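Read the figures in this text as sums done on the coordinates, not as results from a lab. None of the values given here were measured: they were computed from a predicted structure. Backbone-built Cβ (ideal geometry, glycine too); neighbour counts: all protein chains shown.
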Amino acid sequence: MAETKIEWADFTFNPWIGCTKVSPACANCYAERDFDHRYGKAKWGPNGTRVLTNDANWRKPLAWNKAAAESSTRPRVFCASLADVFEDWQGPILDHQTYAQCLIDSEPSRFVPIIPGVQELGVEERAAGWRPVVMDDVRNRLFKLIDATPNLDWLLLTKRPENIRSMWPAVNIQSQQQADDYNELGELFRRNVWLGTSVEDQKWANRRIPQLLKCRDLSPVLFLSCEPVVGPIDLTHVLLKESEAPELGIPDVSINCLRGWYGAVSYERAKIDWVITGGESGPGARPANPDWYRSLRDQCQSALIPFHFKQWGEWVGLNDTEAQLSLFAKSDHHAFDQETIVYRIGKKSAGRRLDGRFYDGFPQRSVV
Ligand code: SF4
């Protein structure tokens, strides 16, 4: 876990490994395929395991932060590619090597494994403050690390945006900038965190985007990862249903999340600052209609929102390939209608040009 091949990030960091599928976008989860089925590092699902990554991994962001300060750059760190930072996991946290349950002592960032039957937690240890590590402990450790690395922009991408606020600790102030932000923008605002949610179709846009917009006061950048897209998405008509967010206390309403919406929590003008999209790769990859990407691009362009086309994935539209045309002849194809046919030529051949050009938009920070 370090330098990444993801086009929109410079590094990846995983605080733990393991997750549970929550929506159609998870169907072909590559993290489960590789780290559960192939390598057996963690077990996915509600009865699975969540495995802490090692201390050497946790030290890497400190080194990236130091290098960034020396080079006056701001690397983007994608956190987490093998988990969901905002998963509501009640089970034990396991150690990466022994797979034994971790314990925490009264010094909250010190985690050690305990092996049932070999070591037991006695009365004295409990009296001294030892107890099992829970996911909140790891999340707090992560946010301390985030606060200690102000030269990195941390991209937290979740499929559970409804949990963000309740799992979001106050900033650990360690710099004058953080102190200034605390005074001006509140104890929850983190200048170096970009908050994103995954949106694969309109149904999940309607469910997740309003929850993300409620986090306007936490982060300078709110973004969407529409990848893999499995249906058309209209970001200008996101339906916020009262039944799905009764805490907001407003009736069903359609919002244009690219223009702004006055959220119920911060009452700031909340909008999406950046949209990423792309297709699926790997075994079982589902074809996407090229018009779904074009529509997102056009919506962003008309609202002046940065748009990033990450990749076609396995399937590509006829006019949008850097590959040899002869590849088409031997490829699987899928017809959305008579004129819209996509071909399975593989991620590498498919490339990442949409209608002949690259879209590499990145956001400016919104003023909160
Ligand atoms: S949320 Fe992400 S890591 Fe978790 S199962 Fe879904 S795709 Fe995999």
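Only residues that are of a type outside the set (Asp, Glu), away from the ligand (no atom under 13 Å from the Cβ) and not in a strand (DSSP E or B) were counted across region 42-87, and they come to 23. Elements of the type helices (runs of 4 or more DSSP H) sitting completely within region 134-238 and holding at least 2 residues that are more than 30 Å from Pro290 (Cα to Cα) and of a type in the set (D, E, K, R): these cover 135-147, 176-185. Residue count for region 132-142 satisfying the condition of being in contact with a helix residue (DSSP H, G or I) (Cβ under 9 Å, 6 or more places away or on another chain) and free of Cβ contacts under 8 Å to residues at least 60 places away in the same chain: 1. Of the numbered criteria (1) crowded, with 22+ Cβ neighbours inside 10 Å; (2) away from the ligand (no atom under 16 Å from the Cβ); (3) farther than 29 Å from Leu239 by Cα, the one Pro220 fails is (3). Restricting the first residue to region 86-97 and requiring it to be without any contact (Cβ under 8 Å) to a residue 12 or more places away in the chain, which pairs with a second residue that is surrounded by fewer than 20 Cβ atoms within 10 Å (Cβ to Cβ) meet a Cβ separation below 8 Å and a spacing of at least six or different chains? Partner pairs satisfying both residue conditions: none exist. Among the residues of region 1-17, the one identified as outside any loop (DSSP other than H, G, I, E, B), away from the ligand (no atom under 13 Å from the Cβ) and either closer than 23 Å to Ala100 by Cβ or within 15 Å of the chain's Cα centre (by Cα) (or both) is Phe11.
Residues of region 18-29 that are in a helix (DSSP H, G or I) and within 14 Å of the chain's Cα centre (by Cα): Ala25, Cys26.
Annotation: Asp36 fulfils all but one of (1) among the charged types (D, E, K, R); (2) in a loop (DSSP other than H, G, I, E, B); (3) within 16 Å of the ligand (Cβ to nearest atom); the unmet one is (2).
How many residues are in contact with a Leu (Cβ under 8 Å, 6 or more places away or on another chain) and within 6 Å of the ligand (Cβ to nearest atom) if we restrict to region 18-33? Residues that pass the stated criteria total 2.
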